[in-house]
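Notes follow the structure.
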Amino acid sequence: MVYVRPDARYPKNWNKLRWAIFKEYGYICQRCGRYSKGNLELHHIKPIGFGGSNSKDNLIPLCRECHAEMPSSKIAKRKRKK
């Protein structure tokens, strides 16, 4: 698969979407399981450059440490909870 660099722009509702997903998952990192309300980032399960989207079904919360360590290929294999 060829990576296509997107002219990635987050949608206008990005901040609202982020907090809705964090809340949905109970502010828990989906990799390490730690509660991390002030230290979460959204991870695209399928990267935008590979045809992923900014939809709720393609986003999971990870703490900054896990997000920095986690290659997209590993997390993409995990199924979204719920």
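Every read-out reported here was derived from the displayed coordinates using simple, explicitly stated rules and does not represent laboratory data. Values in this document were obtained by computation on a predicted structure and should not be read as measured data. Heads up, the Cβs are rebuilt from the backbone with ideal geometry, glycines too, and the neighbour counts pull from every protein chain shown.
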Problem set entry | Amide proton proximity set for R31, modelled H, under 5 Å, gap of 5+ | C63
Problem set entry | Neighbour-count ranking [beta-carbon atoms within 10 angstrom, fewest first] of L40, L59, L17 | L17, L59, L40
Exercise. So how many Lys-Lys pairs in the range 14-76 land under 18 Å Cα to Cα, not counting same-chain pairs under 8 apart?
Worked result: 6
For this session: Quick one: compute the contact order of the range 14-76, relative version, from alpha carbon pairs under 8 angstrom and 6+ residues apart, as a percent.
Result: 33 percent
